[in-house]
Amino acid sequence: RKKIGVLTSGGDSPGMNASVRAIVRVGIARGCDVYGIYEGYRGLVEGKEKIKKLKWDDVRGFIHIGGTVIGTARCMEFKERPGRLQAAENLIKNGIDALIVCGGDGSLTGADLFRSEWSGLLAELVSLGRCSAEEIEPYRALTIVGLVGSIDNDMSSTDITIGAVTSLHRICESVDSISSTAMSHQRAFVIEVMGRHCGWLALMAGISCGADLVFIPERPPVEEDWETSMCDLLQSHRLLGKRKTIVIVAEGAIDQHLKPIKPDYIKDVLSSRLGLDTRVTTLGHVQRGGAPAAFDRYLSTIQGVEAVEAVFRSTPELPSPMIGMCQNQVTWQPLVKAVEMTHAVAKAIKEKDFKRAMELRDPE
Ligand code: F6P
């Protein structure tokens, strides 16, 4: 009988609960025991009451709730080897032989590291006398499956991550609200959106809300004097009769020299050079909370189903799949490859190779 542990990790994202619900119910339907690991990797390290068997009814009503009911954390202990050793021991002591992790880039990087160290961790537990050789025997192969839960949509090898669409909706609603007051006062608004080092939310919000200008990390302004180009563009829109100016700035936006472009700086430029009455709005965590949109409920449900399937069908060639979505099809990718490519994007940006960063983010 398979015992599956499920945890959500990193920044919460709308849809995580729906994926836990799907994993629990499909797992039970397929004859497995499913354990909720509370508070992400922290719960895995702490063990005891943080690891609880979940029944069918425990996830009733989960599908439409935002955030993650089983909790999440940004766990420092799991970043260190002693923490991962403790986590391995807790899995074995609870009889868990498969782990499904729903989280973003950092969480899946942690999962991949855990997988790569697994046999070494087992050997260490035996040598320290914390587990016997017989005890570890059934756990020689730990299956880890990754689901990408992140509003940032910053993971390579998948077109879309759980929560990104809901967050985009939330941003659009906010920008629409800001637009009406901006138009009334003929004001300019500089709106900062989340996304860490990824500009997907900013770019999509810009297109969806008809913003005047968008700043994203992957494509910094090409001009050295981008401030003048920005003012010329925004002024030309005003001359066409626009009563408002909307500039969307990704929180990771940078210039060609990798210097952050900050909303307050843009505000100062627009006020001083164009004389626009300018306000800054940082949308903050309102973008991350709240009920998941229908798409995220659907995405996390079908991916949760697939994650359980992956527990049964992972092979030595693909021991740790990441469940993604490419061209409207659910896909399995090697977790290790997806993590490597995501890190390669960050590296390409640091090296100012922005074209390569875009290619790596969307290899298809
Ligand atoms: O990764 C999701 C995210 O919301 C990012 O967009 C943002 O940079 C970060 O998490 C904020 O983290 P915290 O909630 O820890 O402040």
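The values are calculated or read from the model by the stated rules, or taken from the named source; none is laboratory data. These numbers come from a predicted model, not from an experiment. For neighbour counting, all protein chains shown are included, and Cβ atoms are generated from backbone atoms with ideal geometry for every residue, glycine included. We work out accessible area using only protein heavy atoms, side chains counted, and drop any ligands, DNA or RNA first. Shrake-Rupley method; radii C 1.70, N 1.55, O 1.52, S 1.80 Å.
Summary of computed values
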item	result
Qualifying residue in segment 333-354 (condition: in a strand (DSSP E or B) and closer than 26 Å to Ser167 by Cα)	yes
Pair list, Cβ < 9 Å and 6+ apart or interchain, from segment 234-254 residues that are under 17 Å from Met194 (Cβ atoms) to residues that are open to solvent by 70 Å² or more (accessible area, probe 1.4 Å) and of a type in the set (Val, Ile, Thr)	Glu251/Thr282
Ile160 within 16 Å of the ligand (Cβ to nearest atom) and surrounded by fewer than 22 Cβ atoms within 10 Å (Cβ to Cβ)	yes
Members of segment 168-191 found to be within 14 Å of the ligand (Cβ to nearest atom) and either more than 18 Å from the chain's Cα centre (by Cα) or open to solvent by less than 20 Å² (accessible area, probe 1.4 Å) (or both), listed by number	Ile171
Gly95, sole failed condition from (1) at pLDDT 95 or above; (2) under 18 Å from the mean Cα position of the chain (by Cα); (3) open to solvent by 10 Å² or more (accessible area, probe 1.4 Å)	(2)
Within segment 1-110, strands (runs of 3 or more DSSP E) holding 1 or more residues that are away from the ligand (no atom under 16 Å from the Cβ) and not aliphatic (A, V, I, L, M)	3-8, 33-37, 51-53
Single match in Ala202, Ala291 (criterion: in a helix (DSSP H, G or I) and touching a residue at least 12 places away in the same chain (Cβ under 8 Å))	Ala202
Total residues in segment 317-327, condition free of Cβ contacts under 8 Å to residues at least 60 places away in the same chain and open to solvent by 40 Å² or more (accessible area, probe 1.4 Å)	1
Residue list for segment 238-261, filter: open to solvent by 40 Å² or more (accessible area, probe 1.4 Å) and either in a helix (DSSP H, G or I) or in contact with a strand residue (DSSP E or B) (Cβ under 8 Å, 6 or more places away or on another chain) (or both)	Arg238, Leu239, Glu251, Pro260
Matching entry among Asp58, Asp33 (being surrounded by fewer than 19 Cβ atoms within 10 Å (Cβ to Cβ), under 23 Å from Gly163 (Cα atoms) and over 22 Å from the mean Cα position of the chain (by Cα))	Asp58
Residues of segment 106-120 classified as among the aliphatic types (A, V, I, L, M) and surrounded by fewer than 18 Cβ atoms within 10 Å (Cβ to Cβ), total	1
Options Glu223, Glu218, Glu227; residue that is in a helix (DSSP H, G or I), over 16 Å from Ile151 (Cβ atoms) and touching a helix residue (DSSP H, G or I) at 6+ places or on another chain (Cβ under 8 Å)	Glu227
Residue list for segment 33-44, filter: touching a residue at least 40 places away in the same chain (Cβ under 8 Å) and among the hydroxyl-bearing types (Ser, Thr, Tyr)	Tyr35, Tyr41
Yes/no for Met155 being closer than 30 Å to Thr8 by Cβ, within 15 Å of the ligand (Cβ to nearest atom) and at pLDDT 95 or above	no
Qualifying residues in segment 262-293 (those that are open to solvent by 80 Å² or more (accessible area, probe 1.4 Å) and more than 13 Å from the ligand (Cβ to nearest atom)) - the one farthest from Arg187 (Cα to Cα)	Lys262
Residues of segment 257-295 classified as in contact with a helix residue (DSSP H, G or I) (Cβ under 8 Å, 6 or more places away or on another chain) and more than 18 Å from Leu201 (Cα to Cα), total	10
Subset of segment 1-32 (residues that are under 20 Å from Gly95 (Cβ atoms), in contact (Cβ under 8 Å) with a residue 60 or more places away in the chain and in contact with a strand residue (DSSP E or B) (Cβ under 7 Å, 6 or more places away or on another chain))	Lys2, Lys3, Ile4, Gly5, Val6, Leu7, Val20, Ile23, Gly27, Cys32
